[in-house]
Each structure stands twice: as C-alpha cells, then as structure tokens.
Amino acid sequence: ILLLSSKSVWEKFTPQKKFDRQMYHYGNFSQDFLWGVSSSAYQIEGGWNADGKGPSVWDTFTQKPGSGIPADADGNEACDSYNRLDEDLYMLQALKVKTYRFSLSWSRIFPNGRRESLNQKGVDYYNRLINGLLARKITPMVTIYHWDLPQALQDIGGWQNVEMINIFNDYCDFCFATFGDRVKFWMTMNDPQGLAWLGYGTGQIPPNIKEPGTAPYQVAHNLIKAHATAYHTYDNKYRASQRGMVSIALNAEWVEPKDINVPRDLVAADRAMQFNLGWFAHPIFKNGDYPEAMKAQVLVKSELQGLSQSRLPSFTEEEKNSIKGTADMFCVNHYTTRIVTHITGLLSPHSYQNDWDFTEEQESDSPATAIKNQRAVSWGLRRLLNWIMEEYGDPEIYITDNGGATTAKTTWDDIDRVFFYKTYINEALKAYELDGVMLKGYTARSLMDSFEWLNGYTVGYGFYHVDFTDPNKPRTPKLSAHFYFQLMKDNGFPITEDEKMLYGEFPQGFLWSSATAAYQSGLLNINHLLLPYSFCRQHNLWSFIFLMFFRTGHLYLIIMD
C-alpha cells in the first residue's frame with residue numbers, strides 16, 4: 001500500500017529538470033536556528049583503557065589482527081580528545097558554533113556496562129566537557145549510545161538479549177540524573193538501523209554477527225523498546241525539573257524510483273524508505289508499530305519460506321502504546337541518495353536485504369566523495385525533509401549528521417567539501433523557506449578528522465585536519481572551516497549586491513542600432529546562440545545579453561531579465 005502523502009513527494013519533485021533541481025536559492029534560516037558540528041566517543045577520544053575505562057566491542061574488534069580496516073587502524077588513540085579536551089573546546093569556540101553533538105562512551109562511565117562498575121573519572125571527563133561547552137555558550141547535544149557497546153554486555157548476547165532493554169534504561173537513567181541539569185538535548189542512540197543490519201546481519205561492524213534473516217529484526221525490536229523505555233524514564237522522572245528534549249538519531253538516505261512512470265518502481269521507492277527509515281520512525285512517530293509495507297513484505301517472504309510466522313517480530317498492543325510518540329523532535333542523519341528498481345528478491349538465504357524486493361544503484365550524475373557509494377546528491381536532502389514532513393505529521397526536524405568525506409591527504413584545500421556543504425545546506429534552506437518544513441537545526445559532520453570506522457584513517461570528514469602521525473595530534477583548520485564559519489555567521493545565504501537585479505533606463509539620446517557584415521550574412525551556425533546562454537547558466541547570471549542572427553543578415557540585440 002502506497003500512502004498518498006509520501007507518493008506526492010516523488011510526484012512533486014522527480015519530474016524536475018536538472019536545471020530546476022540545481023537552481024540556487026538565496027535566503028536565511030530563523031534567528032534561533034541551531035548550527036553545530038558533531039563527533040562520537042570512539043572516533044575521537046582515544047584513551048581506550050585510561051583511568052578505568054572498560055573495553056567496548058569496537059576496542060575488541062579493532063585490536064584483533066585481520067579486522068579488514070586499512071593499516072589495521074584502531075581507535076586506541078584516535079584524536080586523543082580524552083587528553084586534549086581544551087584543544088577541542090578551543091576549536092569549537094573558534095568556529096562559533098551554537099551546538100556540539102558528541103556521544104558518551106558507555107564503558108568509560110560503566111566499564112562493564114552496569115551501574116555497579118561506575119567509573120567516576122569517566123563521569124568527571126564528561127562533566128568537564130559539558131561545563132566547558134556551556135562556559136562558551138555552546139549547547140551540548142548528547143548521544144547516549146553511539147555503537148560502542150561495552151564488551152561485557154556483548155558477552156551476554158548484546159542487543160539480541162531482551163535484558164538489554166532494562167540495562168540500557170539504567171544507563172540512560174544515570175546519564176539523565178548526572179548530566180541532565182545542564183544537558184537539554186538528548187538522543188538515546190545513533191543510527192540503530194545501521195547497527196542492526198551491519199552489526200548483526202552482514203557482520204561488517206561489531207559485534208560482527210552474520211544472521212541476516214532474523215537477528216537484524218530481533219535486535220531492532222529490542223532497540224526500539226529500549227529507546228521507548230528510556231524516553232518514559234526521562235518523562236516520568238526528569239522532564240518536569242530539567243525541561244529537556246529526548247529523541248533518537250535515525251539515518252536516512254533518500255531514494256528515487258528508476259522510472260517514476262513505472263508503478264512498481266514507485267512502490268519500490270516507498271518500500272525502500274519504509275525498510276530503512278520507517279523501520280524505526282514509523283513505530284516512534286506514527287502508531288507504535290512497523291510500517292504496513294514492511295510487515296506485509298516480510299510476512300509473505302516468511303510464508304513462502306515455509307515458516308509458521310513472520311521473521312519480523314510483533315509488538316503487543318501495550319508495547320505499541322508505549323512506543324508511540326516517544327520523541328520530542330525528529331533527528332535525522334543524511335549523506336546520499338540512491339536509485340531503486342523493483343526486483344523479485346531471493347527466498348534463500350533468509351535475509352533482511354532479500355526481503356526488500358528492490359535493488360539500489362548510485363545516482364551517477366552527482367560528484368563522488370572519498371567514501372564508496374556515497375555520492376554528493378544534494379537535491380535528495382530537500383526531498384527527504386519533505387517526505388519526513390508529509391509522512392510523520394510535520395515534526396520539528398534537526399539534521400544531526402551531514403557531511404562529505406575527502407581523502408586523508410587533504411589538509412587545507414578541501415574545496416569538494418565546501419561544495420558539498422554549500423549545495424546540501426542550500427537544499428535544506430529550500431525545504432525550510434519554500435516548502436515549509438519545520439527545520440530547527442543543522443549539525444555538520446564533523447569537528448575534525450577522526451577514526452572513520454571501517455575506513456580507518458584513510459578518509460576525513462573534519463573541518464580541522466588532524467595529523468595522526470604526530471604524537472601531539474595537531475589540529476589545523478581547513479578551507480571548509482572558514483566557509484562554514486561564514487555561513488553560520490550569515491545564517492544562510494543572503495543575496496549579495498553582485499547578485500541583485502539592476503533595473504533602470506539609458507539616458508535620453510542613447511543611440512540604439514544594429515549591425516551586420518556582408519560576408520557573415522546567412523552563414524552563422526546555431527551554436528553562436530548557445531554560448532551566452534550556457535555561460536550564464538554556468539555562472540548563475542540571470543540578466544544577460546545575446547545576439548541573434550538570421551539568414552536575412554539582420555541582427556537583433558536581445559536583453560533578457
């Protein structure tokens with residue numbers, strides 16, 4: 001079943017010509033718009049076993065030879081932010097961001113994952129970070145859990161164990177009680193879809209479990225209930241006194257149908273959105289349950305596989321009521337757009353991916369980045385924001401991660417990243433000003449180059465370059481840092497004097513005329529007409545002059561506005 005609201009986004013935007021899609025828009029965000037940058041604990045902190053910190057699943061994975069990460073890189077030191085907190089705070093102050101999104105290392109606070117193992121030195125570190133931000137008038141945006149599960153909890157089954165719901169809730173409860181007097185913007189977890197599929201389906205990331213047909217669904221079920229339980233804990237115990245907001249950061253790529261005139265491709269595009277974003281957003285932001293398209297799809301596949309029930313678990317009515325509405329704002333991470341086509345997926349092996357019945361490919365007309373399959377398709381962001389608005393009842397939206405990767409060799413001139421931010425943020429502005437999306441903030445990834453998960457240190461998302469070969473880990477601002485600084489200062493893209501239209505008249509007595517030449521008459525090629533027009537399109541000039549010749553030898557001067 002294809003919902004009319006979501007279908008309307010494709011019907012509105014997909015027929016756009018490339019020229020309209022790339023039209024530049026001048027304007028500003030609201031004065032209270034929250035500009036920020038992001039990071040995550042395992043990627044920047046280092047100090048993997050310092051001051052009583054316990055190992056996480058990422059410590060275990062990266063320290064084992066043969067991880068497949070380039071140069072067998074790990075996060076043992078990373079940016080050494082655990083020991084260089086003042087340097088990080090200095091960079092944030094220099095950028096003049098309004099917010100800083102960071103995550104807490106679960107095993108730095110609870111080394112074995114449980115309250116009984118409380119490590120006060122870990123708590124002290126985050127207190128210094130939070131207090132340092134507030135002293136600089138920077139709002140902390142805190143992710144409680146960003147993939148780095150304590151190894152001790154993985155040893156009891158990790159997120160496949162339903163006990164994790166209460167264990168996670170106790171951890172969140174401690175964080176709310178300890179930091180909530182100063183932290184007013186919480187995300188319980190980051191990208192649960194990526195964790196469920198890559199961690200428990202393909203096994204690419206820790207805990208490296210390969211059970212593609214059942215584990216991703218089982219893990220997602222527990223993650224959703226864990227989030228909802230933590231939300232209610234905040235609601236019941238802390239909201240009245242702390243007056244903060246709680247949500248979950250969901251990753252969402254935009255998808256376009258291969259051919260909008262083929263109904264199956266259009267339905268496949270909607271199904272792709274539901275299997276990715278809707279998997280978690282539909283229960284939390286709509287009705288407490290999985291999307292109908294997803295439930296029907298997995299049920300049919302399971303029946304064809306001879307199973308007595310769907311591999312997608314079911315929520316009880318009580319659970320649905322508990323899950324529905326457990327977010328105060330919509331937090332979305334976004335990087336790229338893909339093209340989808342309907343296919344009939346395999347029945348064997350059982351797999352979340354085979355359940356999709358669509359195939360994905362890159363949008364080949366957009367610039368590549370240093371990350372494979374992550375092209376810079378800026379126009380997809382506007383469409384995604386419109387889809388969220390239509391699908392989930394016009395929520396307040398915060399873009400909590402967005403950025404383009406360059407190679408690790410890029411130290412200063414990261415012009416590709418400047419282009420990425422300029423085009424993506426301009427699309428966000430279109431959604432805000434032209435479409436009425438309630439966009440409240442934008443968080444760029446990331447403050448500095450860091451350990452980039454399976455890519456190690458071969459690529460970087462940072463506004464600051466970090467020299468990982470130097471024990472002092474010196475940080476140096478890139479061109480994109482200067483660009484982002486100015487963009488935040490302008491609060492968007494105000495029109496410049498050079499771009500304003502010029503209206504007026506020539507003086508009386510101005511001589512208007514035309515000219516020709518005998519030899520040229522009748523011999524001109526149509527290409528003479530195209531140069532000024534293509535030049536003006538390329539340089540975004542909308543008042544231009546061109547000459548038009550006819551075989552009669554007459555010449556006309558045309559002023560276009």
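The values are calculated or read from the model by the stated rules, or taken from the named source; none is laboratory data. These numbers were taken from a predicted model, which means no experiment stands behind them. Here Cβ is always computed from backbone atoms with ideal geometry, including for glycine, and neighbour counts include all displayed protein chains. Remember, those area values only see protein heavy atoms, side chains included, never the ligands or the DNA or RNA. Shrake-Rupley method; radii C 1.70, N 1.55, O 1.52, S 1.80 Å.
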Anything in the range 171-184 that is touching a Gly at 6+ places or on another chain (Cβ under 9 Å), open to solvent by less than 10 Å² (accessible area, probe 1.4 Å) and either closer than 18 Å to Val219 by Cα or not β-branched (Val, Ile, Thr) (or both)? List them, or say none. Tyr171, Phe176, Gly180
Criterion: touching a residue at least 40 places away in the same chain (Cβ under 8 Å), closer than 30 Å to Asp32 by Cβ and in contact with a Lys or Arg (Cβ under 9 Å, 6 or more places away or on another chain) - qualifying residue of Leu95, Leu85, Leu104: Leu85
Within the range 107-125, the residues that are assigned to a helix (DSSP H, G or I) and either in contact (Cβ under 8 Å) with a residue 24 or more places away in the chain or closer than 22 Å to Ile399 by Cα (or both) are Ser107, Arg108, Ile109, Arg115, Ser117, Lys121, Gly122, Val123, Tyr125
Extreme residue, farthest from the chain's Cα centre (by Cα), among residues of the range 471-511 that are in contact (Cβ under 8 Å) with a residue 40 or more places away in the chain and farther than 21 Å from Tyr24 by Cβ: Lys473
Among Thr400, Thr369, Thr407, which is the only one that is surrounded by fewer than 17 Cβ atoms within 10 Å (Cβ to Cβ) and either within 13 Å of the chain's Cα centre (by Cα) or of a type in the set (Val, Ile, Thr) (or both)? Thr407
Single condition Gly404 does not satisfy, out of (1) touching a Pro at 6+ places or on another chain (Cβ under 9 Å); (2) farther than 30 Å from Val246 by Cα: (2)
Among the residues of the range 83-108, write down those that are crowded, with 24+ Cβ neighbours inside 10 Å and of a type in the set (Ser, Thr, Tyr). Tyr100, Ser103, Ser105, Ser107
So which residues in the range 287-315 are within 30 Å of Tyr398 (Cα to Cα) and in a loop (DSSP other than H, G, I, E, B), if there are any at all? Gly288, Asp289, Tyr290, Pro291, Leu312, Pro313, Ser314, Phe315
I'm told Asn119 meets every condition in (1) in contact with a strand residue (DSSP E or B) (Cβ under 9 Å, 6 or more places away or on another chain); (2) within 26 Å of Leu223 (Cα to Cα); (3) open to solvent by 10 Å² or more (accessible area, probe 1.4 Å) except one. Can you identify the failing condition by its number? (1)
Residues in the range 404-446 that are in contact (Cβ under 8 Å) with a residue 60 or more places away in the chain, closer than 22 Å to Pro494 by Cα, among the small types (Gly, Ala, Ser) and touching a helix residue (DSSP H, G or I) at 6+ places or on another chain (Cβ under 9 Å): how many? 1
Given (1) assigned to a helix (DSSP H, G or I); (2) crowded, with 18+ Cβ neighbours inside 10 Å, where does Arg128 come up short, assuming only one miss? (2)
For the range 210-230: of the residues being hydroxyl-bearing (Ser, Thr, Tyr) and open to solvent by 20 Å² or more (accessible area, probe 1.4 Å), which is nearest to Tyr290 (Cα to Cα)? Thr214
Matching residues in the range 445-487 - criterion: being part of a loop (DSSP other than H, G, I, E, B), farther than 21 Å from Glu427 by Cα, among the hydrophobic types (A, V, I, L, M, F, W, C) and open to solvent by less than 30 Å² (accessible area, probe 1.4 Å): Leu447, Phe451
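Assess whether Gly132 counts as being out of contact with any Gly (no Cβ under 7 Å at 6 or more places or on another chain), touching a residue at least 40 places away in the same chain (Cβ under 8 Å) and at positive phi.
When the stated conditions are applied, Gly132 does not pass them.
Does Asp394 meet the test of being more than 26 Å from Asn455 (Cβ to Cβ), assigned to a loop (DSSP other than H, G, I, E, B), charged (D, E, K, R) and open to solvent by 20 Å² or more (accessible area, probe 1.4 Å)?
In short, yes.
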Going through the range 240-257 in order, the residues found to be open to solvent by 10 Å² or more (accessible area, probe 1.4 Å) and aliphatic (A, V, I, L, M) are Ala240, Met245
The lone condition Phe13 fails out of (1) more than 26 Å from Asp470 (Cβ to Cβ); (2) free of Cβ contacts under 8 Å to residues at least 24 places away in the same chain; (3) open to solvent by less than 10 Å² (accessible area, probe 1.4 Å); (4) not aliphatic (A, V, I, L, M) is (2)
Filter the range 49-69 down to the residues that are open to solvent by less than 50 Å² (accessible area, probe 1.4 Å) and either closer than 14 Å to Phe451 by Cβ or touching a His at 6+ places or on another chain (Cβ under 6 Å) (or both) and list them by number. Ser56, Trp58, Asp59, Phe61, Thr62, Ser67, Ile69
Options Ala272, Ala268: the member that is within 18 Å of the chain's Cα centre (by Cα) and either crowded, with 18+ Cβ neighbours inside 10 Å or free of Cβ contacts under 8 Å to residues at least 12 places away in the same chain (or both): Ala272
Scan the range 488-498 residue by residue and report those that are part of a helix (DSSP H, G or I) and either loosely packed, with under 13 Cβ neighbours inside 10 Å or touching a Lys or Arg at 6+ places or on another chain (Cβ under 6 Å) (or both). Lys489, Asp490, Glu497, Asp498
What are the pairs with Cβ atoms under 6 angstrom where one residue, in the range 314-340, is under 13 Å from Phe280 (Cα atoms) and touching a residue at least 60 places away in the same chain (Cβ under 8 Å) and the other, located anywhere, is among the polar types (S, T, N, Q) and assigned to a strand (DSSP E or B)? Sequence gap at least six, or different chains. Ala327/Ser247; Cys331/Ser247; Cys331/Thr400
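Run down Lys430, Lys422 and say which single residue is open to solvent by 30 Å² or more (accessible area, probe 1.4 Å), of a type outside the set (S, T, N, Q) and either more than 30 Å from Pro207 (Cα to Cα) or under 15 Å from the mean Cα position of the chain (by Cα) (or both). I'd like the intermediate steps shown before the answer.
On the way: Lys430 fails: open to solvent by 30 Å² or more (accessible area, probe 1.4 Å).
Being open to solvent by 30 Å² or more (accessible area, probe 1.4 Å), of a type outside the set (S, T, N, Q) and either more than 30 Å from Pro207 (Cα to Cα) or under 15 Å from the mean Cα position of the chain (by Cα) (or both) holds for just one of Lys430, Lys422, which is Lys422.
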